[in-house]
1. Over its Cα atoms, what ratio of radius of gyration to 2.2 N^0.38 Å does the range 228-299 give?
2. Which loop-located trypsin sites (Lys or Arg not before Pro) does the range 72-143 contain, where loop means any DSSP state but H, G, I, E or B and the Cβ has at most 16 other Cβ atoms within 10 Å?
Amino acid sequence: MVRSLMRYTAPQEAWESEVDVRGDVNALATLIAEGGALVLTGAGISTDSGIPDYRGPTSAARRHAPMTYDAFVGDPVARHRYWARSHVGWPQIAGARPNAGHRAVASLQRAGLLRGVITQNVDGLHQAAGARDVVELHGALDRVVCLGCRATPGRTEIQQRLTALNPGFGAPASAINPDGDAELPDAELDRFTMAACPSCGDGPLKPDVVFFGESVPRPRVDHCFGLVEGARSLVVLGSSLTVMSGLRFVHAATRRGLPVAVVTAGPSRADAVATVRLVDGLGDVLPGVLDTLGLPDRA
């Protein structure tokens, strides 16, 4: 079933009823306790931090499609409007704090039970919770790259420049999307002034994230496949795996005969191969795993 990027309006009960639940928290804890688990996370792990997901009952309604790479690099108007929306949306992303799910992943890693952590998210919350060597599959919003000179200024510096250039800009956003792209009235977008690259004085500047239609850098993908090769299981947290970017690692795990666990609300594209399949909130499931294993929940 193909789901759009717009809000899914079905009640939570109906959404979850589409899933064949298998196992429980104890089964997930038993799998992780064997060690060598590779964790793959998606937007669903960050919803308790106030960042909506892309699909499912908690997703943000979206008037426009997510920015594509071709539109960003090829259409100056689209790029300008993206930065106007991102300027307004960034404070909510920057102000988000790790939740119990992020802290639990960090605790499992400190306990030596994880082979690695791959995230499809761009919010940096795993690292903020204390996780180490997190592979940011789709990049990170707190970094910016100049497509002209390849300088990499921090997002804080660029945000300060944008604020100085746009005093009083910041109309209330109707929604914030997982990529920090806010919904703004069209009339507001045209009065926004974009900043130039602080290194070359030109640009264009691009957030250091992988847009739709853009390829994940090959070395990053190869590193993730290497993590799968050395793993004993794959645990997917908060992802429907709708895009191949993450699903390919499930395929790699199943080819190696690794057990796969999926914990996410609503259907996922790994449901048919998951030996453990839960729909309960990660803010409940992951602390439950820690309790079962006798591990602390600390930032």
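Every number in this text was worked out from the coordinates using simple rules, so none of it is lab data. Keep in mind the model is a prediction, meaning the values are calculated, not measured. Cβ: placed from backbone, ideal geometry, glycine included. Neighbour counts: every protein chain shown.
1. Details: Rg = 12.9 Å, N = 72, 2.2 N^0.38 = 11.2 Å.
Dividing the Cα Rg of the range 228-299 by 2.2 N^0.38 Å gives 1.15.
2. Values: sites: R79, R81, R85, R103, R110, R115, R132, R143; in loops: R132.
Here the trypsin sites (Lys or Arg not before Pro) that fit, given the DSSP loop and packing criteria, are R132.
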